[in-house]
1. Per residue of the range A:101-107, what does 6.51 cos²θ - 1.76 cosθ + 1.60 with θ = phi - 60° give for ³J(HN,Hα)? Whole Hz please, x for Gly and Pro, Karplus curve as stated.
2. Within the range A:1-84, what whole-number % of the accessible surface is contributed by carbon and sulfur, with the 1.4 Å probe and all protein chains included in the calculation?
3. How many Å² of accessible surface get buried when B and A come together, counting both sides, probe radius 1.4 Å, rounded to the nearest 100?
4. So what are the ³J(HN,Hα) numbers for the range B:38-44, from phi and the Karplus equation (6.51, -1.76, 1.60; θ = phi - 60°), rounded to whole Hz, Gly and Pro as x?
5. Roughly how many Å² is the accessible area per residue of the protein assembly as shown, as a whole number, for a 1.4 Å probe?
6. What Rg and what Dmax come out for the protein assembly as shown when only alpha-carbon atoms are used, in angstroms?
7. Distances over 17 Å make up what percent of all Cα-Cα pairs in chain A?
8. Taking each residue of B:43-55 in turn, how many C-beta atoms of other protein chains fall within 10 Å of its C-beta, and what is the average?
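The values are calculated or read from the model by the stated rules, or taken from the named source; none is laboratory data. Note that the coordinates shown come from a computational prediction; the quantities given were computed from them, not determined experimentally. Quick reminder, even Gly has a Cβ in these numbers, built from the backbone with ideal geometry, and neighbours come from all protein chains shown. For the accessible areas, the whole protein counts, side chains as well, though only heavy atoms, and no ligand, DNA or RNA atoms are used. Shrake-Rupley method; radii C 1.70, N 1.55, O 1.52, S 1.80 Å.
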Amino acid sequence: DAGVIQSPRHEVTEMGQEVTLRCKPISGHDYLFWYRQTMMRGLELLIYFNNNVPIDDSGMPEDRFSAKMPNASFSTLKIQPSEPRDSAVYFCASSFAVNYGYTFGSGTRLTVV
Amino acid sequence: SQQGEEDPQALSIQEGENATMNCSYKTSINNLQWYRQNSGRGLVHLILIRSNEREKHSGRLRVTLDTSKKSSSLLITASRAADTASYFCATDERGAQKLVFGQGTRLTINP
């Protein structure tokens, strides 16, 4: 397995634009997590899915953020409209269980100017 | 919200020395995990220790857990330059159904 695959690796966009981040989890992992990492706030859990169903989205900052998982092999995190304070590294991770070891992707570094 | 807090925030040692990092947490947990993050990369799972375990080994890694003190330590023996990275502890509060990461310890191994 190629691991958790995220795209793009880097994204630079202008304030107000829509941004879509993509993730392909490891096959067979029932859980998928979206995290955001910044120097100030560290690693924050945004939302996680179990068997494609959103379970906990309490970490999603505001309505500008949305996440979907249409099938077991694909998830998206969308920010519309984007703002400079959204600049961060966004990680996707997958796992067999919510409290077992997570496999992280390489992340998407988002810069909103 | 942050559950685990690592100490120290940064650690710099010479190659070959042992590195010890600590993690403290606030509530009862099912397990505690340690992860490594190299610069510009995702986190990599190192080791998981369950709440009924006191010590666990994996290669040059040794993890201890003291649930009475709500703390854990990660020891890396005979450090190498390749161990330079940030190390995070992560805990799952009982009933919380999610893993919460600390702020991490930045470890630098000097050749």
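1. For the range A:101-107, the Karplus-derived couplings read x, 9, 9, 9, x, 7, x Hz, x marking Gly and Pro.
2. 49
3. Numbers: alone 6090 and 6230 Å², together 10780 Å².
So the total buried area for this chain pair works out to about 1500 Å².
4. 7, 3, x, 10, x, 6, 10
5. 48
6. 17.5, 51
7. 49
8. Counting Cβ atoms of other protein chains within 10 Å of each residue's Cβ and averaging gives 2.
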